[in-house]
Amino acid sequence: MDVQEVKRVLQHPEMGGFVEADIQQLLNPEPQKMQEAIETLFSDRTKGDLVLLYFSGHGIKDDTGKLYLATSLTRKNAQGRLIKSTAVPASFVL
């Protein structure tokens, strides 16, 4: 399912019921842009709010097993280890 299809489902009144102004799409974001969008999404929310973060992409683990969300800049070094500043820690979402 592509991004536009997901958006249509979210906006459908009998399925998602979200209005277009409440849906933000990030296509191939850089790490800082992704973190900023996630922080903005979860800021100033109250107990009764419905918040949905839909991530369609790759996950990658560092050498200690910590999970990261891959971004358009995610890279590994010459030894095959994740360059952590190029990805977003999954714990940032939790």
Can you tally the net charge around R8? Count Lys and Arg as +1, Asp and Glu as -1, for every other residue whose Cβ sits under 11 Å from the Cβ of R8. -2
On a 0 to 90° scale, report how tilted helix 31-42 is relative to the longest principal axis of the chain, with both axes built from alpha carbons and the result rounded to the nearest 10. 40 degrees
Where does region 1-80 land on the Kirkwood hydrodynamic radius, alpha-carbon pairs, in angstrom? 14.8 Å
Roughly what percent of Cα-Cα pairs across region 37-94 reach past 15 Å? 54 percent
Local net charge near L69, Cβ-Cβ under 13 Å (Lys/Arg +1, Asp/Glu -1): +2
Quick one: check the C-alpha center-to-center distance for region 1-36 versus region 41-65, whole angstrom. 13 Å
Using 0.36 nm per residue, how much length does the chain from H58 to Q32 gain when fully extended, once their Cα-Cα distance is taken away? 7.7 nm
Formal net charge of residues neighbouring Q79 (Cβ-Cβ distance under 13 Å; K, R +1; D, E -1): +1
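No value in this document is a laboratory result; all are computed from the given coordinates. The model shown is predicted, which means the values in this text are computed figures rather than measured ones. Note that each Cβ is placed from the backbone with ideal geometry, even for glycine, and that neighbours are counted across all protein chains shown.
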